Amino acid sequence: MKSNVKSSTKDMFMTLCAVCITVLTKTKEIVKCEYQLIQGSLHSLIIRSPDFGIVGGGVSLIGRIAAVHVVYRECCECIYWFGQLTSHSPGVLEGLVQSVGETTGIDNCMVLHLYALEKVLNGLEPPIKAKRLSQYSDDKSLRVWLSYVREVSNAIESTLSLSSQHPLALKASLQWQKIRAIQIFSENVLLNHSNMVVYARQLYLALRSESDFLVCSTVVKVKRVLNIMQGNLKTKLKSKEEKKLLANVRKSCTNFFIEVVSTLCFGQSSAPEDKLIIMLLDIVFTEQMVVDEGEEGGKGKRGTRNLTPFKDESGDKQPIIRSFLLQLLLEHDTENVKNHLKSFFNRCQQALVRGTGVDQELSLLCTQCFENATYKDFCCLSLENKIKAILEKNLLTSATDTLAHSAGLTEHTISLEALESVAKMRCCLLVVAELLQLRVNQQGHSQFLYGRMVQQLLEETRLACTESKVNTIDTTGMFDTTGPIVYLLKLLVYQGGFSCVKKITKDQQWMIPKEFEQDREQNTLDPFVMYNPIYGVIREEMSAAAFGRDYKELEEHATALHPQECVPLLLSVYEVYTMSRASTNIAMQLLPETTEKINEIILNCKALSRDMKVVARKLVSNAQGGPLAALQVTANQPMFQQTLGALVVHAVAVLISRSSLDLLCPFVTLFKPLGVWRIATCPQWQRICFQRQEESLLEDNFMNVQMAIHTLLESVAGHFSRQTV
C-alpha cells in the first residue's frame, strides 16, 4: 500500500483482506482460484454492509474494483471478440451508442459484442448490383470484399458461439449465413465466370426472406437459382466453346452446392431438419426405370450419383460409395440423424451389386467414418480424460456386447450398429495401446498408471480380447487370427516395437496368442530367430565337416536331429557353402568328395522332410552361374546383398518346416514391388521414406534375388509355386 493513500481507503482494503481470509478459512467449499475468492468476498461485502457494496448507500472503491474483476472474468471472451470486431471495423463504435440506447442498463452492457456484430454484418453488403445478364462483376471490388469477409469471419463465428441462444445472436446468425452463401458462390463461380453476377444477386434476394440453411426450403431456393442459371445457358448453346462453358459452370455450381451443404447445413451446432436430410439422400440415391424388351412398363433399379443441385444429372454407370454425406451425418450424434444413417447404409446395400466386393468396401468405409467421428472426441483430451470418457460412456463394454451378439454376420448381412461398435473398439484399443506403452516406459505419474480407472479399463480390454464370439479363431484351433487381440498387438508393435510387446506381455498374459503359450510350455524355439545356441553348434559341426573333413559329429547329430533343428541346419549349409565359394583361400575350398559326403548325410537325415532335403541339396550344389547364383556370396558383394540372401534361405526354410501356409502371407507381401507394398500398407507415408530403400532394392541384383526366390520355391514339390508367390 502506498503511504499517501487515505486512511479510509486503507480501511476498505484491510476490510476486503479480512473478508478474503474469512472466506478462505471458513468456507465449506474448496477455493480453487483467486477469482472465486474475490467473488465470494464481493458477495460477503454486499450482504454485510451497504457502505462497502454496490447497493444501498454509495458505491465504494473496493466494490467497484471487485465488481470490475468479476464482470471481466465472466465476460472476458466477449470483451476480447468485441475488441476484434471493432478493430476490423473501427466505424462500428460511432453508431454503437444509438443502438444500445442512451440509458444503458447492465443487460445491454453484457451484450455489447452482439450489438457490434450487428453493425459489422450490416456493413458486409456484397458488391453484386448487376440486374442484367450482360453485366459483369467488378473483379477488384469483389476480391476486396472476399478478403475482408475472410478476415472478419473468425471473429464473427466466435462471437456467435458465445451467445448462440440470445435473440440478437439468432438474428445475426441468419444474416451471416446469407453472407456466407454469397461468399461461397463468389469463390466458386464468380471468380471464374464474372458474367454470372446477376445470379449472385438473385441468390442474395432469394435468401433475404429466409436464410436458415438448417431448413429444407432454403436449400430448395439455392437449387432453383442454380437450375435457372443452367437453363438460360442451355438456350444459348451454339458452339463448342459455349458447351465447354456450360460444363465448367455446372462443375463450379456443383462445388458451390457441396460446400454449402457441408459448411452451412451440417457445419452448425444443430443438425439440419429431417426433410432436408431426406432430400439430400434422394439426390445421392436414385431409382431409375429399366424397361426390358417385350415387356410393358418397367421396374425400378437403384443407383447412385453425385451430390448435385441439377435435376438432369445422370447417375453412375456402376454404383459408387461416397463417404461425403456419411461423414456429414456423423457430425451430429442425435437419434434422428442415426435413423438417417441407417437409411444411408440400407440404400447403399440396395444399390450395390452383390458379389463384386463392394459390400466389404462399404463396411470398411462406414467403419473408418465412424472411427474418425469417435476419435474427434478423444484427440484433444489427455490420456487420463480419454480413459475417463471411455469408462463413463461404457464404450468398450457396449461395443464388445454388440459384436458378440452380431457374431456370424457376413458383409452382406452386417448391421450398422456392428460397424459402429468396431470403430468404437478400435478407438478404445488405441487408447489402451498408448497407456500400456507409457507403463512400460514409466512415463507419467505412476499412481495414475496403476490406479483404479486404469485397472478397470485393462479388465474390460481383457474381456474384449478373450471373448470367443468377437475374436475369430483359426480353423486349426491354434491361435487367434482376427479380432481385438490381434489389432491391439499390431498397435503395440507399431508404437513401441517388439521389445515393448515382450515387456507388456509379462504382466498382461492374456495378450499372448495360444500358439505362443503352447510353444513356451514345450520350450520350443522361435523358428524365425536365427542365431540361437543350436545354430552355433550345428554351424561348428558343419564347418568341421566341410573344412576339416571331420564328419563324425555332424553325422551323429543329423541322425538324432530334432525337428526344431531343421532350420538352423539349412541355414548353416547355406552360409558354409556360400562363404567357401567366396573365399580366395585355398584351404577354404571344398573338395568334390566333401560335398558328396555332406549330401549323403543330409539325405540320410530322417528329421528333414523331402522338400527340405531338396532345398539343402540345391544349396550344396549351387554352382557359379546356376539358377540360385543370386544367393551366392562373392568377395565384392555389398553387405545388404549377403544379408538378403541369408534372409531368403532362412524364410524358405521356415516356410517348409511349418505346416501352416499362413506363414507365407508376410513374405508374399514382401516379394511385391516396393511401390505396390507402400501404397497397399501405408498410403499416408511420404515417398521420401522409401527413397533410399528403392534406390538399393530396385537394382538389378535385387531382381536377380527375386528370381532366385522363385526358383527356390518352385523346387519345393507340393507346397508352393511361382504363381503363389
- Message: Tell me whether segment 482-499 contains one or more residues that are over 15 Å from Thr461 (Cα atoms), modelled with pLDDT under 65, not acidic (Asp, Glu) and not in a helix (DSSP H, G or I).
- Response: no
- Message: For segment 535-551, give me the residue count where each residue is assigned to a helix (DSSP H, G or I) and basic (Lys, Arg).
- Response: 1
- Query: For segment 256-280, how many residues are surrounded by fewer than 15 Cβ atoms within 10 Å (Cβ to Cβ) and of a type in the set (S, T, N, Q)?
  - Reply: 2
- Asn154 at pLDDT 90 or above and either farther than 28 Å from Met279 by Cβ or in contact with an Asp or Glu (Cβ under 7 Å, 6 or more places away or on another chain) (or both): yes
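What's the total number of residues in segment 214-248 that are among the basic types (Lys, Arg) and outside any helix (DSSP H, G or I)?
Filtering segment 214-248 for residues among the basic types (Lys, Arg) gives 221, 223-224, 234, 236, 238, 240, 243-244.
If we keep only those that are outside any helix (DSSP H, G or I) too, we end up with 236, 238.
Summing the residues that are among the basic types (Lys, Arg) and outside any helix (DSSP H, G or I) in segment 214-248 gives 2.
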- Would a scan of segment 432-449 turn up a residue that is out of contact with any strand residue (DSSP E or B) (no Cβ under 6 Å at 6 or more places or on another chain), modelled with pLDDT of 80 or more and under 14 Å from Val486 (Cα atoms)? yes
- Query: So Cys253 fits all but one of (1) within 28 Å of Ser158 (Cβ to Cβ); (2) at pLDDT 90 or above; what number is the exception?
  - Reply: (1)
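The values are calculated or read from the model by the stated rules, or taken from the named source; none is laboratory data. Being a predicted model, the structure only gives us computed values, none of them experimental. As a convention, Cβ positions derive from the backbone with ideal geometry for all residues, glycine included, and neighbour counts pool all protein chains shown.
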